Structure formats: C-alpha cells, structure tokens
Amino acid sequence: MTGAEVLDIAREGVWVLVIMSLPMMVVGLLVGVVIALFQALTQIQEMTLVFVPKILAIFITMILSLPFLGATIAAYMDRIVDLIIIGG
C-alpha cells in the first residue's frame, strides 16, 4: 500500500466523520439559534437554558439518524476490510 492510498483512506475517513456528525451539528446549531432568539426577545439571560433543549434535540436527531449512520460507517468499514483482504 502506497502513501497516496493511505492518504485516500484517511481523507475518506475524515469525510465519513463529517457526514456522520453533520445532522447533529446542524440541529444543535438551529436549536441554539432559536433559543438565543427567544432569550433576546424575552430578556431572559439564563446560561443553562440552552443546554437541556440542545442535548435533547441532538439525542433525538441521533436516534432518528441511526440507520443512516450505521449504513455510512458499515460501507466505510467494508471498504477498509476489502483493502485489508485484497492487500491494496
């Protein structure tokens, strides 16, 4: 296996990581913006108000996207296993 092939595998691994974390990050961002807007409109400046809804939203998103996450990581691992078996 050459250095270029190793870099390709690492690059693909980083993209898999980004693709898998994207749904949770977007939901966390949207919930954070909505709560910040709510806090600005009501002038409630409680720092802990953001954490519980954001954690719940991210957890629900993770549960709903588990089939997608599993399929994505399984496809990546199938490619890695094939490369190990074939040897390059």
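Bear in mind that the values in this text are calculations on the coordinates, not laboratory data. Owing to the predicted nature of the structure, the values given are computational and were not obtained by experimental measurement. Cβ atoms come from the backbone with ideal geometry, glycine included; neighbour counts cover every protein chain shown.
Loop-only GluC sites (Glu not before Pro) in segment 1-77, please: DSSP not H, G, I, E or B, and at most 11 other Cβ atoms within 10 Å.
Numbers: sites: GLU5, GLU12, GLU46; in loops: GLU46.
Here the sparse-neighbourhood loop sites are GLU46.
Which angle from 0 to 90°, rounded to the nearest 10, does the C-alpha axis of helix 3-42 make with the longest principal axis of the chain?
10
Work out the length of the dipole vector of the chain about its Cα centre, built from +1 on the beta-carbon of each Lys and Arg and -1 on the beta-carbon of each Asp and Glu, and round it to the nearest 20 debye. It would help to have the intermediate numbers written out before the result.
Numbers: 3 positive and 6 negative charges, 56 e Å.
The calculated dipole for the chain is roughly 260 debye.
What do the square roots of 5 times the Cα gyration tensor eigenvalues come to for segment 3-86, in whole Å, largest first, as semi-axes of the equivalent ellipsoid? Before the final figure, lay out each step's value.
Details: eigenvalues 291, 36, 11 Å².
Equivalent-ellipsoid dimensions as semi-axes: 38, 13, 7 Å.
What angle, in degrees between 0 and 90 and rounded to the nearest 10, separates the Cα long axis of helix 66-86 from the longest principal axis of the Cα atoms of the chain?
Value to nearest ten degrees: 20.
Could you check which residue among ILE35, ILE63, ILE44 shows the biggest mean-square fluctuation in a GNM of the chain with a 10 Å Cα cutoff?
Its mean-square fluctuation being the largest, the pick is ILE44.
Specify which residue in the list LEU56, LEU22, ILE73 is farthest towards the positive end of the charge dipole of segment 3-86, using unit charges on the beta carbon of Lys, Arg (+1) and Asp, Glu (-1), about the Cα centre.
The residue sitting most towards the positive pole is LEU56.
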